[in-house]
Structures are given as structure tokens and as C-alpha cells.
1. Hey, which of the strands (runs of 3 or more DSSP E) in segment 163-264, taking only ones fully inside, have at least 3 residues that are of a type in the set (A, V, I, L, M), at pLDDT below 95 and in contact with a Leu (Cβ under 7 Å, 6 or more places away or on another chain)?
2. Just to be sure I understand, how many residues within segment 15-26 are more than 17 Å from Phe58 (Cβ to Cβ) and not acidic (Asp, Glu)?
3. Considering segment 20-36 alone, what residues qualify as being surrounded by fewer than 16 Cβ atoms within 10 Å (Cβ to Cβ) and in contact with a strand residue (DSSP E or B) (Cβ under 9 Å, 6 or more places away or on another chain)?
4. Just a yes or no: is a residue in segment 34-44 out of contact with any Cys (no Cβ under 9 Å at 6 or more places or on another chain), in contact (Cβ under 8 Å) with a residue 12 or more places away in the chain, under 27 Å from Glu13 (Cβ atoms) and not in a strand (DSSP E or B)?
5. Which residue out of Ala249, Ala220 is within 17 Å of Ile122 (Cβ to Cβ), assigned by TED's automatic domain parsing to the domain that holds Phe168, surrounded by 23 or more Cβ atoms within 10 Å (Cβ to Cβ) and small (Gly, Ala, Ser)?
6. Name, by its number, the condition in (1) within 22 Å of Asn143 (Cα to Cα); (2) of a type in the set (Phe, Trp, Tyr); (3) in contact with a Phe, Trp or Tyr (Cβ under 8 Å, 6 or more places away or on another chain) that does not hold for Tyr216.
7. From (1) within 18 Å of the chain's Cα centre (by Cα); (2) not assigned by TED's automatic domain parsing to the domain that holds Ala45, pick out the condition that doesn't hold for Leu179.
8. Checking Leu119 against (1) without any contact (Cβ under 8 Å) to a residue 40 or more places away in the chain; (2) closer than 18 Å to Leu219 by Cα, which single condition isn't satisfied?
Amino acid sequence: MSIPQTVPAWTDEVLDFAQDLVGQARSIALRWFRRRPPIETKADASPVTVADRGVEEFLRAEIGRRYPDHGLLGEEFGVQAGEAPVVWSIDPIDGTRSFITGNPLWGCLLAVLHEQRPLFGIIDVPCTGERWVGVRGRGSWLNGERCRTRSVSRLEDAILQATSPDLFAGEDARAFERLSAAVHLRRFGGDCYAYALLASGMIDLVAEAGLMPYDYLALAPVIEEAGGVITDWRGRALSPRSDGRVLAAANAGLHRQALEILAAGA
């Protein structure tokens, strides 16, 4: 299926290449899953394994070979030509803590930015064989089937998810508790899988803090093209320079209500 020309003409080619890459990367990650690989602690106190590094090394090498003029932004090996017109955002294993504890709900996040704006995003979940793909102007898809967010309109009927309560501190923690008190149900866990569930109409809100660009850039096209909204906590579009506080909602009305609650104590 060709992509409408609201996007660059080369989008089809790059998207096909990206999907092939994440498919190949699955085997690298799964080789180490539940094999108890050695764990190191990075300077920011987050864990990293040979699987994280192996997947990112593979992706960077293949992208560099095919598109040497493209920039790279990765969790494990940093930024290369980050101001290039086309930049790839790579999170080799989003949910390393899940990975090292045997929880299968971790994924590989890959996005391509054109002029600093996400053009498409991929959430690939090796253990379940699921892949969400969102392309600007085309839609959001799970394994070839169209995704759509839920139509819940009231916070009191909404399901809220976050990876962990440990993400929040100070006023952020108080804001998250206010939002939690306003919804029907809150759940924890899932990392990128929570955003995928939102795109597929299973939950209604995801609120998180302390994220890095490679954590959220691939999520934006998947959610927006499914009918949802994803911004920072002030309602601003996400970019590589966002502050790491992310709010995703199934629709604009729900997003607006959640933003008001998050801002209430500011």
C-alpha cells in the first residue's frame, strides 16, 4: 500500500527497511531473554545488558550502511549527526527492567524523524510477535490491522497506566496522584506496551515522567494516527528537546481534562 504524499516520497522505502531491521533485531534480543545475561548499571542508575547493546549496535550498523547521511539518536550509544534532516531514534529494548526480570512486555522502539518531527514510529514486541506501526497521514496498524483508540469521554470512566510509580517525585508525584484519583482504574507496568494498548483501544491514558527522547519519539505517530493525542504535560508537541513528562490520551477531550488536573497544583 503506497503512502499518501503528505510525507516525503522516500518514506515507503525507509519504512520497509525499518520493519525488516526490527524483525531481524528480534532474534538478537530473544537470544538473551530469560538467559540471565550480566547486568551493568549506567551512570543514570538504569540497567543495561548485552542484549540492549547488541540490538542497538546491529541497528546502527545497518542504518549507517544503507543511509550514511542520516543521523542517529540511540539510548546506548548516543547521538550522531543529530541535526541531519533525517534522524533515526533507537531504543533497542524499551523496558530493560522487564527484560531482566523475565517479563515479556518489553519492545524495540524505532522512529524516523524528518526535520525533527516524527515521520513514522514502530513498537515491536518480540515475545508476543506484535508490531505497531504509525505513519504520519496514513494511520496506525497492528500486524497489518488498523488501530483505533477508545472513545471514552469522561475521566471517571477512563483507565490510566504508567510504567511505575517510581517515575514520579515531588510535584510530579502529587500531580499523578490527582490524576489517578480522577479515573476509573489505574495500572502499572508495560513500558512501551502501555502506549501500544492505548493505540489499540484497550486503555485510555498513559502519564509518565523522566523519559528520554528515544523513549517517546516512536510512540507519537502510533498514538496520533490511531486517533489519540500525545504531548508533554503542558500540551506541547513532543520533540527531541521535550522535558520527559509525557501524557497520552485516547482522544482530545480526555487529554484536555487530564492536562487540567496535572496542571492544577502548578
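1. none
2. The qualifying residues number 1.
3. Gly23
4. no
5. Ala220
6. (3)
7. With (1) within 18 Å of the chain's Cα centre (by Cα); (2) not assigned by TED's automatic domain parsing to the domain that holds Ala45 applied to Leu179, the lone miss is (1).
8. Checking Leu119 against (1) without any contact (Cβ under 8 Å) to a residue 40 or more places away in the chain; (2) closer than 18 Å to Leu219 by Cα, the one that fails is (1).
The values are calculated or read from the model by the stated rules, or taken from the named source; none is laboratory data. Note that the structure is a prediction, hence the values are computed from the model and not measured. Cβ sites come from the backbone with ideal geometry, for glycine too, and all protein chains shown count toward neighbours.
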